[in-house]
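To start, the structure itself, in structure tokens.
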Amino acid sequence: MSYQHIVVPAEGEKITCLGDPKCVPDHPIIAFIEGDGIGRDIMNASRRIWDAAVEKAYGGQRKIAWMEIYAGEKAARLYDGDYMPSETFDALREFLVGIKGPLTTPVGGGFRSLNVTLRQELDLYACVRPVKWYRGVPSPLRHPEDIDVVIFRENTEDVYAGIEYAAGTPENEKLARFLREELGAQFFEGSGLGVKPISAFGTKRLMRFALRYALERGRSSITIVHKGNIQKFTEGAFRNWCYEVAREEFPEQTITEDELWDQYGGQVPEGKIVIKDRIADIMFQHMLLRPKEFDVIVTPNLNGDYLSDAVAAEVGGVGIAPGGNIGDHVALFEATHGTAPKYTDLDKVNPGSLMFSGVTMLEFLGWNEAAELITAAYEKTLAQKIVTYDFARQMPDATEVSTSMFASTVIQNMDA
Ligand code: NAP
């Protein structure tokens, strides 16, 4: 395929499949979107770290061929005001794996979230957020080491489906009339209206994905987090469909929490995963007070959005929380924080979120040696108390460094 502004690197090869096993050449072309605001600083720093780790781990035999693709403000400058050019989607569909910095989204108007558009257009239905504590990271908890969860947030449905009608519009009035007159619904005049679709199809493929992940990595439980006590036919149905997948498709590998106590005296039998569920609101308390009880979490879109940032805050904040948006055909890893516009080009912020998203991407590609090198070097850097401003303000005797200097220190620590 030919592109208008995207330059396909001559020295790289395409990743051709993301199934099991994945088809990853030694010089894979990986797409990146720099991102708005602090995106440039953290992408430059992180790419240096990823490249150094791959070079160190494989002695030049493996190397990423980076291919810049465009979204957000940089795209608008290049493509005549188009914030999400169609060739960005084409390139991701052709090259399958990418990583992105944050993108600006206006609140309450303007264009629709570019992040949501990417997830929906490319059907990246699973937002995967591993959250664990790294030694030395400042945390408000007494035992942050108890947190080691992977949150699977449904990425394409729920109130993010974009089915919303502003108060006062003809569409809103038509829908309001239908709801009142045909279905007997009651709500205040002049309400904005939104629709929350949650399907068996969308729920089951997410649960299947999480179950396979948990089995491959020897995880011990999956907790379905929902608000089914109130939203019975969306969140309640989500819970029921998740259990159905476990029961019907993984009967040998899964047991419910009731079975765990009734049949196994509370001891998880070898090779089994316990499937349990919790109401979303109490889950925030559990993750503060009893985080050890949770391992893999599966949840609808909005719960997952809140929960993943809240749990990330317990182990260092969104500045270091990684994320990946994964579908059956394309995977797009991303920093989980926003564009923090006041820090644009100041070379100041923490590159950790994007850097660890890249670690998750390397693991996804099966390049675990490079991923481990980065994690070890990061922990070493933290042990030296060399940090960016956000951690420095929580660590009284730390040395505060810039984004680029932090990256250089992590790279040096790969050699140490
Ligand atoms: P934000 O950009 O995440 O920034 C909020 C605050 O979080 C910052 O002011 C900063 O705190 C801290 N922070 C964020 N990234 C950091 C980093 N790398 N290192 C250290 N601290 C960091 O959230 P926002 O201000 O609500 O959103 C700004 C824009 O980003 C909006 O347009 C929003 O839509 C967009 N956004 C994009 C994504 C995405 O692309 N995935 C996600 C969320 C938001 P201090 O002020 O305390 O230093």
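For the chain, with only Lys/Arg (+1) and Asp/Glu (-1) charged at the beta-carbon, what is the dipole magnitude about the Cα centre, in debye rounded to 20?
Values: 43 positive and 60 negative charges, 98 e Å.
Here the size comes out at about 460 debye.
Dipole magnitude for region 316-392: about 320 debye, using +1 per Lys or Arg Cβ and -1 per Asp or Glu Cβ, origin at the Cα centre. Counting only cysteine Cβ atoms and a cutoff under 4.7 Å, the chain contains unmatched residues Cys127, Cys242.
Quick one: go through region 211-238 and flag any residue whose amide nitrogen is under 16 Å from the point 7 Å out along the Cα-to-Cβ line of Glu244. 232-238, by backbone N distance to the label point. For the chain, what is the percent of antiparallel DSSP beta bridges, rounded to the nearest 5? Taking every DSSP beta bridge with both residues in the chain, the antiparallel ones total about 40 percent. For region 231-246, the residues whose amide N sits under 20 Å from a probe point set 7 Å from the Cα of Asp262 along the beta carbon direction are 239-246. Between Asp51 and Asp26, the distance separating the two model label sites (each 7 Å from Cα on the Cα→Cβ line) works out to 1.9 nm. Taken over region 225-328, the percentage of Cα pairs per 10 Å bin, counting from 0 up to the bin with the maximum distance, is 13, 39, 37, 11, 0.
Sorted on the mean count of surrounding Cβ atoms within 10 Å across their residues, most packed first, peptides 138-149, 204-215, 81-92, 345-356 read 345-356, 204-215, 81-92, 138-149. Straightening the chain between Cys17 and Ala313 buys 103.1 nm, computed as 0.36 nm per residue apart minus the Cα-Cα spacing. The distance linking region 379-416 with region 263-297 is 34 Å (Cα centroid to Cα centroid, whole angstrom). The separation of region 188-246 from region 118-134, counted between C-alpha centres, amounts to 15 Å. Taking the protein heavy atoms of the chain in the context of the full set of protein chains, the accessible area attributed to carbon and sulfur is 50 percent at 1.4 Å.
Using 0.36 nm per residue of separation minus the Cα-Cα distance, give me the extension gain between Ala200 and Tyr58 in nm, one decimal. Mind dumping the intermediate values first?
Working: separation 142, 0.36 × 142 = 51.12 nm, distance 4.31 nm.
Result for the pair: 46.8 nm of gain on full extension.
When both region 46-92 and region 316-365 are represented by their alpha-carbon centers, they are found 13 Å apart.
Of all the options Pro170, Pro269, Pro197, the one that moves most in a Gaussian network model of the chain with Cα springs shorter than 10 angstrom is Pro170.
In the chain, taking the dipole from charged Cβ atoms about the Cα centre, the farthest positive-side position among Pro85, Met287, Leu332 is held by Met287.
Only lysines eight or more places from Lys292 in sequence, or on another chain, were considered; those with a Cα closer than 29 Å are Lys132, Lys204, Lys227, Lys232, Lys272, Lys276, Lys380, Lys385.
For the options Val245, Val225, Val131, a Gaussian network treatment of the chain with springs between C-alpha atoms closer than 10 Å singles out Val245 as fluctuating the most.
Sequence-ordered 3J(HN,Hα) estimates for region 387-395 from the Karplus curve with 6.51, -1.76 and 1.60 and θ = phi - 60° stand at 9, 7, 3, 5, 7, 4, 6, 9, 10 Hz, glycine and proline given as x. Charged side chains reduced to their Cβ positions (Lys and Arg at +1, Asp and Glu at -1) give region 262-363 a dipole of some 220 debye around its Cα centre. Calculated over region 246-293, the projected area of the Cα convex hull averaged across directions stands at 4.0 nm².
In Å², and per residue, what accessible area does the chain have when probed at 1.4 Å with the other protein chains present?
Working: 18850 Å² over 416 residues.
Result: 45 Å² of accessible area for each residue.
Relative to the compact-globule estimate of 2.2 N^0.38 Å, the Cα radius of gyration of the chain comes out at 1.02. Counting only DSSP H runs of at least 4 residues, each contributing -39500 (n - 2.57), and dividing by the residue count of the chain, the helix-based mean residue ellipticity at 222 nm comes to -12000 deg cm²/dmol.
Using a Förster radius of 60 Å, what is the FRET efficiency between Asn44 and Gln186 based on their Cβ-Cβ separation? Nearest 0.05, please. Walk me through the numbers before you get to the answer.
Numbers: r = 54 Å, r/R0 = 0.91.
The calculated FRET efficiency here is 0.65.
Between the beta carbons of Glu164 and Arg142, assuming R0 = 30 Å, the FRET efficiency works out to 0.10 to the nearest 0.05.
Let me know the shape class of region 1-158, please: from the alpha-carbon gyration tensor, a ≥ b ≥ c as square roots of the eigenvalues, rounded when a/c is under 1.5, otherwise prolate if a/b is greater than b/c, or oblate. Could the numbers behind the result be given before it?
Working: a/c = 1.57, a/b = 1.11, b/c = 1.42.
Oblate, because a/c is 1.5 or more while a/b does not exceed b/c.
A Förster radius of 25 Å combined with the Cβ-Cβ distance from Arg177 to Arg93 puts the calculated FRET efficiency at roughly 0.05. Pairs of Cα atoms in region 138-229 fall into 10 Å distance bins, from 0 up to the last occupied one, in shares of 12, 28, 24, 19, 14, 2 percent.
The values are calculated or read from the model by the stated rules, or taken from the named source; none is laboratory data. Note that the coordinates shown come from a computational prediction; the quantities given were computed from them, not determined experimentally. As a convention, Cβ positions derive from the backbone with ideal geometry for all residues, glycine included, and neighbour counts pool all protein chains shown. For accessibility, only protein heavy atoms count, side chains too; no ligands or nucleic acids. Shrake-Rupley method; radii C 1.70, N 1.55, O 1.52, S 1.80 Å.
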